[in-house]
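The values are calculated or read from the model by the stated rules, or taken from the named source; none is laboratory data. All values reported here derive from a predicted model rather than from experimental measurement. Don't worry about glycine lacking a Cβ; one is built from the backbone with ideal geometry, like all the others, and counts go over all protein chains shown.
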Amino acid sequence: MELHRTLPDERRFIRHLYREAFPAQERKPFWRIRRQERSGILSMMTMVHEEVPVGFVMTVRGKHLVLVDYLAVAPQYRGRGFGTQALRSLQRQYPVPLFLEIERPEEGADNQAQRLARHAFYTRCGFSDAGVDLRVFGVRMMLMTTAEHLRFADCIPVYEQGYGRYFRRYVREDV
């Protein structure tokens, strides 16, 4: 599996997978993602296996942290290690810790099994619970990180870069 900057002819695949993989309430408008990519705020990378796109990852790089904003593997390629390989590639590429948000595993959630599987996946990939609960676009999430310790305050500069100065409308600590 190779991870490279997204090429123009891969964008349709990414847009389709993005809409399929993430619920509407967790998605930013794709035009905004493209604008952030053009301005250098966000990096969009495609996972390619045998010259076929199999997934993507989007990151926002801060001075001391990198936000893994979105990561998805196409359904027919899941379970083959592509997501793990992409995260390991990111860990080699960036000399700073990574962090991301996932839905909190909560009893009674419609997709509880999926939430637990996602948490286990990121744990296997070297992420740990940061002990920080958030609301992102109104969705209850938790932070996971490769850092030894992470506070919400550490993430604020990255969120400000990724969402602009109005990020608190979209991302806030859930205490």
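Hey, Arg124 hits all of (1) surrounded by 13 or more Cβ atoms within 10 Å (Cβ to Cβ); (2) modelled with pLDDT of 95 or more but one; which does it fall short on?
(1)
What tally of residues in segment 64-95 results from selecting those that are touching a helix residue (DSSP H, G or I) at 6+ places or on another chain (Cβ under 9 Å) and under 16 Å from Thr146 (Cβ atoms)?
Total meeting the criteria: 10.
What number goes with the only condition from (1) at positive phi; (2) modelled with pLDDT under 95; (3) under 16 Å from the mean Cα position of the chain (by Cα) that Gly108 does not pass?
Condition not satisfied by Gly108: (3).
Please state which of the following conditions Gln36 fails to meet, knowing it meets all the rest: (1) outside any helix (DSSP H, G or I); (2) surrounded by 14 or more Cβ atoms within 10 Å (Cβ to Cβ).
Against the list (1) outside any helix (DSSP H, G or I); (2) surrounded by 14 or more Cβ atoms within 10 Å (Cβ to Cβ), Gln36 comes up short only on (1).
Being of a type in the set (S, T, N, Q) and within 13 Å of the chain's Cα centre (by Cα) is the filter here; which residues of segment 52-83 pass it?
Thr59
Pairs only if they're at least six apart or on different chains, beta carbon under 7 angstrom, first in segment 121-133 and among the β-branched types (Val, Ile, Thr), second at pLDDT 95 or above and surrounded by 15 or more Cβ atoms within 10 Å (Cβ to Cβ); list them, first residue then second.
Sorted first by the residue in segment 121-133, then by its partner, the pairs are Val132/Met142; Val132/Leu143; Val132/Leu150; Val132/Phe152.
Filter segment 96-135 down to residues that are in contact with an Asp or Glu (Cβ under 6 Å, 6 or more places away or on another chain) and over 20 Å from Leu65 (Cα atoms), then give me how many there are.
1
Among (1) at pLDDT 90 or above; (2) part of a helix (DSSP H, G or I); (3) under 14 Å from the mean Cα position of the chain (by Cα), which single condition is Arg92 missing?
It is condition (3) that Arg92 fails.
Given the conditions (1) over 25 Å from Ile33 (Cβ atoms); (2) surrounded by 13 or more Cβ atoms within 10 Å (Cβ to Cβ), report the number of the one that Ala153 does not fulfil.
(2)
With assigned to a helix (DSSP H, G or I) and either crowded, with 18+ Cβ neighbours inside 10 Å or of a type in the set (D, E, K, R) (or both) as the only criterion, which of Asp9, Asp69 stands out?
Asp9
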